[in-house]
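Participant: Below is one structure. I have some questions about it.
Each reported figure results from applying straightforward, stated rules to the coordinates on display, with no laboratory input. Please read all numbers here as calculations on a predicted model, not as lab measurements. Heads up, the Cβs are rebuilt from the backbone with ideal geometry, glycines too, and the neighbour counts pull from every protein chain shown.
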Amino acid sequence: MKTRFILKKDFAQISNLWIKGLNNDIFSILGKKVVLSYLNNFFINNSNSLGFVIEKNKKIIAFLLYGNNERIIKQILDQNLIFIFLQSIKIFLSLNLNKIKIFFNVLFFYIISKFTNNLDEIRTELLYICVDKNKFRKGMGSKIVKDSFVIKKNFFKLNKIKVKTLEKTPENIKFYKKQNFKVKKKLMGRVFLTT
């Protein structure tokens, strides 16, 4: 089992893990095309983007992304606006109340966050961390965070990292605190932490 940088050839495995492991994430809800668009834009023209995977027997069991979410979202919207609009209509027509609730929550948060400072001075964010459900609660999340700090030690010495998680997931907040993140702000059901 080793931790290494993400390669473009990993995108198919990562997108499958993302959709299964982060099924309440807005990009998972919008579909694999949007997840793959996120991954492609994550690496294109984003000098502060770093991605790591834990691989065992050529199977990716965890991934971690650091970068600038605002820039990536703007690129995704520019490239996929019509598709996202059509997927949004499908979500509403499905009458899946959980997906509709997530969609509106993210939309309102995105609009409100435009008018607030969400630690904007910190450019690098821990965007996503996902562990295969079969390896959940076996230390893989902590391993990939700690390994990323070791692999790119100078980057993390020079850059503060922020992360946001849902307030209703105290286990996530506890996890980030164990990784030496500190709570800095709360907004619309989200908790912002920094290194």
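Participant: Step through the table entries Lys32/Lys74; Lys133/Lys184; Lys138/Lys184; Lys2/Lys153, compare each Cα-Cα distance with 22 Å, and write down the pairs that go over it.
Facilitator: Result: Lys133/Lys184; Lys138/Lys184 exceed 22 Å.
Participant: Anyone know which of Asn172, Asn154, Asn69 comes out most mobile in the 10 Å Cα GNM of the chain?
Facilitator: Asn154
Participant: On to the next question. Place the peptides 121-130, 70-79, 92-101 in order of packing, highest mean first, counting for every residue the other Cβ atoms within 10 Å and averaging per peptide. Intermediate values should be presented prior to the final figure.
Facilitator: Details: 121-130: 19.4, 70-79: 15.6, 92-101: 11.6.
Per-residue mean Cβ counts within 10 Å order the peptides as 121-130, 70-79, 92-101.
Participant: What ranking do Thr194, Thr169 get, fewest neighbouring Cβ atoms within 10 angstrom at the top? Before the final figure, lay out each step's value.
Facilitator: Working: Thr194 18, Thr169 13.
In order of increasing Cβ crowding within 10 Å: Thr169, Thr194.
Participant: I'd like the FRET efficiency for Phe149 and Thr116, computed as 1/(1 + (r/R0)^6) with the beta carbon distance as r and R0 of 22 Å, rounded to 0.05.
Facilitator: Computed FRET efficiency for Phe149 and Thr116: 0.15.
Participant: Going 7 Å from the Cα of Asn69 toward and past its Cβ, which residues in segment 80-107 have a backbone nitrogen under 14 Å from where you end up?
Facilitator: Those under the cut-off are 103, 105-107.
Participant: Mind checking the dipole of segment 2-158: about its Cα centre, +1 per Lys or Arg Cβ, -1 per Asp or Glu Cβ, Debye to the nearest 20?
Facilitator: 780 debye
Participant: Also, quick follow-up: Any chance you could run the full-extension gain for Asn159 through Glu171? It's 0.36 nm times the residue separation minus the Cα-Cα distance, nm to one decimal.
Facilitator: Using 0.36 nm per residue and subtracting the Cα-Cα distance, I get 1.8 nm.
Participant: Specify which labelled value, from (1) 89, 26, 26; (2) 47, 46, 31; (3) 45, 38, 33, agrees with Cα extents along the principal axes in Å derived from the coordinates of the model shown.
Facilitator: Matching the structure shown: (3).
Participant: Same structure, new question: Seen from all sides and averaged, what is the projected area of the convex hull of the Cα atoms in segment 106-188, in nm²?
Facilitator: If you wrap the Cα atoms of segment 106-188 in a convex hull and average its projections, you get 6.3 nm².
Participant: Here's something else I'd like to know. Can you figure out the FRET efficiency of Asn16 with Asp78, using R₀ = 30 Å and their beta-carbon distance, to the nearest 0.05?
Facilitator: 0.75
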